[in-house]
Amino acid sequence: MSSVPEVVIVQRRLTNYRVPLFERMRTLMSQRGMKLRLLHGDPTPVEATKRDGGQVGWAEHLPTRYLAGGRLCWQNFGPRVRDADLVIVTQENKLLYNLVALTVRRPPRIAFWGHGGNLQSDRPDGWKERFKRWTTRRVDWWFAYTDLSADLVQAQGYAPERITVLDNAVDTQELIEWRRQIDATAVEAARAKLGLTGHHVGVFVGSLYADKRIDFLLQAAGAIRRRVPDFELLIVGSGPLAPMVEQHAARHPWVHYLGVRTGRDKVEAVALAQVMLNPGLVGLGVLDAFACGVPMLTTDCRLHSPEIAYLRHGHNGLMTPDTLHDYVDAAVMLLARPEVAQRLRQGCADAAGRYTVENMARRFTEGIGRCLDAPRLGETAPEWKT
């Protein structure tokens, strides 16, 4: 190990939304006398259909092998981290080499970065989740996505003083600036380009796969349209269910499938809407709603990622009971009552100021420093909860 602490983050695959985080962290860590390295592998064939991969010029590629139809992944990062002071990995059961790194080839310090549990698991007491809980207390530090994640980790007996809450985020400041640049003239031009004639518009932004509940979305949109005759729906994203969405849009001219849109183009699409409709899994997409000032409407579907902790019902978005009737009622109410929508938009602006990639990079860097300063797990006897 060199005199400059070397920290390695290992990612199974590199997504484009993580690139700004790693670039900012590299700068912050260098300013504090630490070196950051990033190792990443490749997506599964299904993940590749999302077309959300990112590139970092200084990152190092890891050979990646998927087994059991993508349910297991082998990435031998051991030879690459021999001189590292700290290795940060994500807590995923499918990452086979994590078990090696936690046992027979353990680095000086190893940390988890994760959710604290599989919030989409249909068997929370099954062997997969029990195994994950077994690994939870065997790392030197925890980088938890949100306060919800930290609560889950602590509930499994992990010492709170070894947890850093990251407030998981994407580059919202850039999104906010793009939204400021899109004035009424630009909105009207975008409406004309898409052929929008209605003044009540909803938008979905996200990957098109089962947990997003695309069937529910399309059913809800049809019910909203029957009650709000000029309602139109924009769908932004790609994934395994894209063909189904394309076919539905071909049969319903008021449904507009826009495919993948990133950066300013994505913000422009969201700016056309009064409500963001996402009845299924909510993750980082809630930050798009905050940054663009378009309140999100979701359901209590028990599929959400930890970022659902950011949505405060009645303040910056709405969460309804998990029924089509309740969801449609809430959407129609938002479209019909501009004073409610305005209150939620103000809440979105407040949240956008907190959940930024700059704050996340700062929290991550500070947590890394605390981890490096703390005794290694085996050198003390932490007072684990019972």
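The values are calculated or read from the model by the stated rules, or taken from the named source; none is laboratory data. Note that the structure is a prediction, hence the values are computed from the model and not measured. Neighbour counts run over all protein chains shown; Cβ positions are idealised from the backbone, glycine included. SASA here: full protein model, heavy atoms, side chains in, ligands and nucleic acids out. Shrake-Rupley method; radii C 1.70, N 1.55, O 1.52, S 1.80 Å.
The test for being in contact with a Phe, Trp or Tyr (Cβ under 7 Å, 6 or more places away or on another chain), under 27 Å from L372 (Cβ atoms) and not acidic (D, E) does not hold for L99. Within the range 136-145, being open to solvent by less than 10 Å² (accessible area, probe 1.4 Å) and modelled with pLDDT under 95 holds for one residue alone: T136. Looking at the structure I just gave you, is R26 over 16 Å from H61 (Cα atoms) and modelled with pLDDT of 95 or more? So R26 fits the description; yes. The residue pairs whose first member lies in the range 150-177 and is within 20 Å of E366 (Cβ to Cβ), whose second member is assigned to a helix (DSSP H, G or I) and polar (S, T, N, Q), and whose beta carbons are closer than 8 Å, counting only pairs six or more residues apart or on different chains, are V153/T136; Y158/T136; P160/Q154; I163/Q154; V165/S149; D167/N359; A169/N359. Residues that are of a type in the set (A, V, I, L, M) and more than 18 Å from the chain's Cα centre (by Cα) within the range 150-175 comprise V153, A155, A159, I163, listed in sequence order.
The helices (runs of 4 or more DSSP H) found wholly in the range 295-386 and carrying at least 3 residues that are open to solvent by 30 Å² or more (accessible area, probe 1.4 Å) and under 30 Å from R24 (Cα atoms) occupy 338-354, 357-373.
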